[in-house]
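Just below is one structure, and these are the notes that go with it.
The values are calculated or read from the model by the stated rules, or taken from the named source; none is laboratory data. Fair warning: this is a prediction, and the values are worked out from it, not measured in the lab. Note that we place each Cβ from the backbone using ideal geometry, even for glycine, and neighbour counts take in every protein chain shown. Just so you know, the surface numbers come from the protein's heavy atoms only, side chains and all, with ligands and any DNA or RNA stripped out. Shrake-Rupley method; radii C 1.70, N 1.55, O 1.52, S 1.80 Å.
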Amino acid sequence: MTAYLDNAATTKPCEEAVEACAKAMTENFGNPSSLHRMGVNAEIAVEEARKAVAAALVCQPERITFTSGATESNNTLILGAAENYGKRRKRIVISAIEHPSVEETVKYLEKQGFEAVRVKPDKTGEIDPDEFLAAVDYNTFLASCMMVNNETGAINPIKKIFSQVKKKYPECITHCDAVQGFLKMPMKTADLYADLITVSGHKVHAPKGVGAMYIAKGIRIAPHNLGGGQEKGQRSGTEAVPVISAFGAAVRAQLPTISVAYSNAEELNGRLRRKLAALDYITINSNAEEQSPYILNFSVNGIRSEIMLHYLEEREIYVSSGSACSKGAKSGVLTAMGLSDRITDTSLRVSFSRMSSCGEIERLVTALQAGYLSLAKKV
Ligand code: PMP
């Protein structure tokens, strides 16, 4: 039996998503731009999905643009903001723990002459709103901070961070990569003080290759994809109706039960924490004051992450070492938290979804104990 505990990397598509995707490929396969009935039906499917994502973010559907995923959303929003708002103001403030799709885009802008400031987290992995505000100035056109860190699960106080920025610097555009918080915790766009929000489909039981971006009314983001003018010109290219429909179906299926799923994740997380705390060779790294129950990062003393990861994999237990996006590269997030090489080199990330179960935790803990006994001898 498989224990899939790498849901921050990607999730299994839910039945509703698979069904919607298949329907769009077998029956409703028209091009939404076509004027005939087949086209109109495909357009309706895309608009239904837009309504679903907008309902989850509590915003108007016209504020939502579909993309190929969060990487594209982050790239487009940051580059597009730079083009429209970065002519005179040249400073960007981000957290030092952003996903590479934000960090690398900002690095690219630095090469074009922009100045970037990276606000470090405290030792629990959280960004301090006052430190963030102190980094922003009148020359700052963009402030970007993620909602939930994908490696540690630390929840940043986005509302406080952005409301302070907006109060002092109303001209500064605020962007939140909300990928790891979307559909996991209730999210109300108006409460976040974010002009721009990024979400992804495959982290919430939709297929890979679909995401969305929220752009607040009055904010102009220069489009990245130019062409036929789809998505009101914000993102040209024939709409990916199958995966967009699937995204909408997944959101519709999960939105009513966010709180129930959150409580379940809290229970699983608590159970795993208690079991790991009893093992003296384990250090838990996810200790932020506000912590997502969906992610738990810990280190196994003396056993390198990849060694334990493959030991577990042989037993059909799937976890991650650091961030799945960095392919085993050293975790920048744990380092930014000031953790030692000893801790970062041995860190594992377990991440739950609403499909996770207690049985999976039991299997993980049993295998971790056996793995430590067998691998520690070889070190
Ligand atoms: N941001 C965060 C916080 C993520 O965790 C991820 C996925 N690892 C992304 C962005 C990129 O998402 P996508 O795979 O949809 O491009």
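Of the residues ASP195, ASP345, ranked by 1.4 Å probe accessible area with the largest first, the sequence reads ASP345, ASP195.
Phi-derived couplings, Karplus 6.51 cos²θ - 1.76 cosθ + 1.60 at θ = phi - 60°, listed residue by residue for the range 108-113: 4, 5, 4, 5, 8, x Hz, with x used for Gly and Pro. Distant-in-sequence amide contacts of SER292, defined by a placed amide H-H separation under 5 Å and a gap of 5 or more residues or a different chain, comprise ALA154, ILE155.
Hydrodynamic radius of the range 15-255 by the Kirkwood approach over all distinct alpha-carbon pairs: 18.1 Å.
Of LYS51/LYS275; LYS120/LYS188; LYS120/LYS232; LYS12/LYS166; LYS12/LYS111, which pairs sit farther than 31 Å apart, going by alpha carbon to alpha carbon? Distance filter (> 31 Å) returns LYS51/LYS275; LYS120/LYS232; LYS12/LYS166; LYS12/LYS111.
Given a cut-off of 29 Å, name the pairs among LYS107/LYS160; LYS168/LYS217; LYS167/LYS203; LYS160/LYS203 whose C-alpha atoms lie farther apart than that in the structure shown. As for pairs spanning more than 29 Å Cα to Cα, those are LYS167/LYS203.
About its Cα centre, the dipole of the chain is roughly 460 debye, where the only charges are +1 on Lys and Arg Cβ and -1 on Asp and Glu Cβ. Estimated purely from DSSP H runs of n ≥ 4, each contributing -39500 (n - 2.57), the mean residue ellipticity at 222 nm for the chain is -13000 deg cm²/dmol once divided by its residues.
With all protein chains in place and ligands, DNA and RNA left out, the 1.4 Å accessible area ranks HIS310, HIS175 as HIS310, HIS175, largest first.
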